[in-house]
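Accompanying notes for the structure given below.
The values are calculated or read from the model by the stated rules, or taken from the named source; none is laboratory data. Computed from a predicted structure; not experimentally measured. Note that each Cβ is placed from the backbone with ideal geometry, even for glycine, and that neighbours are counted across all protein chains shown.
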Amino acid sequence: MHQAVALQARWLADRIDRIAAPRDSALMELLVFVVTDVRSAVSGSLAAFPQEARASYSELPHPGCGGRVATFPPLRAGDAAAVQCERCEAVLDEVEWERSLVMAGAEATSPRGREAASIMRHLNRKLLNAAA
């Protein structure tokens, strides 16, 4: 796909002077064909690779309700990702959620990590209850 677009762009660049002042109707028809073909190729690429942000889901459930947590990528550069529980619709702080994921990883690998993760879950529950 990319090679076809590059080839067409190269062809167009080589002939731009003649195309800018077309005297030949066959050349104009060919230009219309090439532009239509390039437009079709670009449209196909955009359809194959949609630009909408899709959520990723964590294996770690939401500490408050056990629901599935979705992380939506930022819509613009510099924005933060949106993290939200699908069950209770609580919006979570991205940094805190990342910290919870790290603690869950530590819990899975060591007894000391399990203790720290248990404390973290307890504190998360307390924070959620205090906020409610």
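Here are a few things to note about the model shown:
- Contact map, the stretch 91-109: residues that are among the acidic types (Asp, Glu) paired with residues that are modelled with pLDDT of 70 or more and not in a helix (DSSP H, G or I), Cβ distance under 8 Å, separation 6+ or inter-chain. Pairs shown: Asp93/Val83; Glu94/Thr71; Glu94/Ala80; Glu94/Ala81; Glu94/Ala82; Glu94/Val83.
- Taking the stretch 4-33 as the range and being at pLDDT below 70 and either among the small types (Gly, Ala, Ser) or not assigned by TED's automatic domain parsing to the domain that holds Ser43 (or both) as the test, the residues that pass are Ala20, Ala21.
- Subset of the stretch 74-90 [modelled with pLDDT of 85 or more and either loosely packed, with under 12 Cβ neighbours inside 10 Å or among the small types (Gly, Ala, Ser) (or both)]: Ala82, Glu89, Ala90
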